[in-house]
């Protein structure tokens, strides 16, 4: 009997691509001629790749970025325009269905057990801004800018913006930012705490890759539990949350990584974690 483990293949994609470099995966939105705007096709593919990344991908860190000059301009306004101009199209129903698919993708993205780094290479507007906020860490190119943008066409926010933004910068600041809706430069975003670092455009992917590789070397159980505990803490009572912490630390004691980590600690060595 062979002990070879077959690496699960990602879904076939047309509007984005997925690549790996060792333990680090990179998901690149790839509609550069349309500023990586979220068409129904891209939304459907996000919903295909997200659960695969959460459940099957053989990675220990993920980078999300955009091809060309934009991260993502948000929802494809050409889609909205066709629906409004064609009386035979029920744009309300189409967008309701599209938002449902996008939101399931967002839920699955948040289930990804490893760190997710947004490498924001250019404009992140509307649902593109929401996608950036979904990431655990955001690094911005000097060419990046951020815009809520929904109100500019009279649309209500989606993609988790009103969930993530208050948790990133606080409810009052989030409400003010959404109501005023300025164009935020990368420097503005850094000042407001929306990103943790701003780098030159030609250094973005290398900076994101270095951060991802550093994080990928940590214990997968630790990474997974940090993400779960931090996000659940915002909704749990103290007593309920302490129970989640209790089980998390107890379960870690049964991992090979912890046994090796304790051994290496007492040996004065740098631990190496294998995910078991």
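No lab work stands behind these numbers, since they all come straight from the coordinates. Just so you know, these numbers come straight off a predicted model, no measurement behind them. Counting neighbours? That spans all protein chains shown, and the Cβs are built from the backbone with ideal geometry, glycine included.
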Legend entry - Sorted by Cβ neighbour density within 10 Å, fewest at the top, the residues 131, 62: 62, 131
Legend entry - Alpha carbon centroid spacing (whole Å) that separates segment 7-49 from segment 60-92: 14
Legend entry - Taking the C-alpha atoms of segment 187-276, convex hull volume expressed per residue in Å³: 139
Legend entry - Exposure proxy order (Cβ contacts within 10 Å, fewest to most) of 249, 169: 249, 169
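Just rank 103, 221, 247, fewest to most, by other beta-carbon atoms within 10 angstrom. Don't skip to the answer; put the middle values down first.
Details: 103 17, 221 20, 247 10.
Fewest to most other Cβ atoms nearby, the residues stand as 247, 103, 221.
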Inset, instruction - Report, in deg cm²/dmol and to the nearest 500, the calculated mean residue ellipticity at 222 nm for the chain, where each DSSP H run with n ≥ 4 adds -39500 (n - 2.57) and the sum is divided by the residue count. - result: -15000 deg cm²/dmol
